[in-house]
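**Q** Before we start, here is the structure in question, set down as structure tokens.
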Amino acid sequence: MLHELSIETSRKFEIVDITGDVQRLVWKSGITEGIVVVFTRHTTTGLLINENENGLLLDIKEKMEELIPEGAGYAHDRIDSNAHSHLRAGLLLNPEVIVPVEEGELVLGTWQRILFVELDGPRRRKLLVKVCSCNC
Ligand code: ZN
């Protein structure tokens, strides 16, 4: 069962907590035991699982800017001025996260949230959410 999740970001860099949206799609699927795969279809976005705490979200942004600064002479900037966004997405994040599902609920740690990271907004973004049943 493949669902699409649409996210409209409003800033250049933005972290959106999509845990509630993913949980609602798991409920909608009717699948109670299995896994859910969340996949972003863009080259300047990424996903991670971590704590949704404002200080930490700021730390993530600042560390990304420190590790991969904007406009540092990248080849891709010759055709498109967002090489830093591609590099942050490709080198520091993943296009997918996988979360176990038990009794219809996402199995996450107390502080774990599914976070979508916009690196070249604002844009309308599409994510895929695949809920797979397995009883192993
Ligand atoms: Zn580009």
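Yes or no, residue by residue, for (1) over 22 Å from Cys134 (Cα atoms); (2) assigned to a helix (DSSP H, G or I); (3) aromatic (Phe, Trp, Tyr):
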position: Arg24; (1), (2), (3): no, yes, no
position: Lys28; (1), (2), (3): no, yes, no
position: Thr32; (1), (2), (3): no, no, no
position: Val38; (1), (2), (3): no, no, no
position: Leu57; (1), (2), (3): yes, yes, no
position: Met64; (1), (2), (3): yes, yes, no
position: Asp77; (1), (2), (3): yes, yes, no
position: Ser81; (1), (2), (3): yes, no, no
position: Ser85; (1), (2), (3): yes, yes, no
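**Q** Looking at Val97, Val129, can you tell me which residue is open to solvent by less than 40 Å² (accessible area, probe 1.4 Å), more than 16 Å from the ligand (Cβ to nearest atom), within 16 Å of Gly20 (Cβ to Cβ) and out of contact with any Asp or Glu (no Cβ under 9 Å at 6 or more places or on another chain)?
**A** Only one candidate qualifies: Val97.
**Q** Run Ser29 past the list (1) under 14 Å from Ile98 (Cα atoms); (2) more than 16 Å from the ligand (Cβ to nearest atom) and report the number of the one that doesn't hold.
**A** (1) is the only condition that Ser29 fails.
Conditions (1) closer than 14 Å to Phe13 by Cα; (2) within 10 Å of the ligand (Cβ to nearest atom); (3) touching a strand residue (DSSP E or B) at 6+ places or on another chain (Cβ under 9 Å); (4) among the polar types (S, T, N, Q), marked per residue:
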site: Asn50; (1), (2), (3), (4): no, no, yes, yes
site: Asp59; (1), (2), (3), (4): yes, no, no, no
site: Met64; (1), (2), (3), (4): yes, no, yes, no
site: Glu70; (1), (2), (3), (4): yes, no, no, no
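**Q** Okay, next question. Between Arg78, Arg41, Arg88, which is surrounded by 14 or more Cβ atoms within 10 Å (Cβ to Cβ) and of a type in the set (Lys, Arg)?
**A** Arg88
The values are calculated or read from the model by the stated rules, or taken from the named source; none is laboratory data. This one's a predicted model, so the numbers in the text were calculated from it and none came from an experiment. Here Cβ is always computed from backbone atoms with ideal geometry, including for glycine, and neighbour counts include all displayed protein chains. Surface areas here come from the heavy atoms of the whole protein model, side chains and all, with no ligands, DNA or RNA. Shrake-Rupley method; radii C 1.70, N 1.55, O 1.52, S 1.80 Å.
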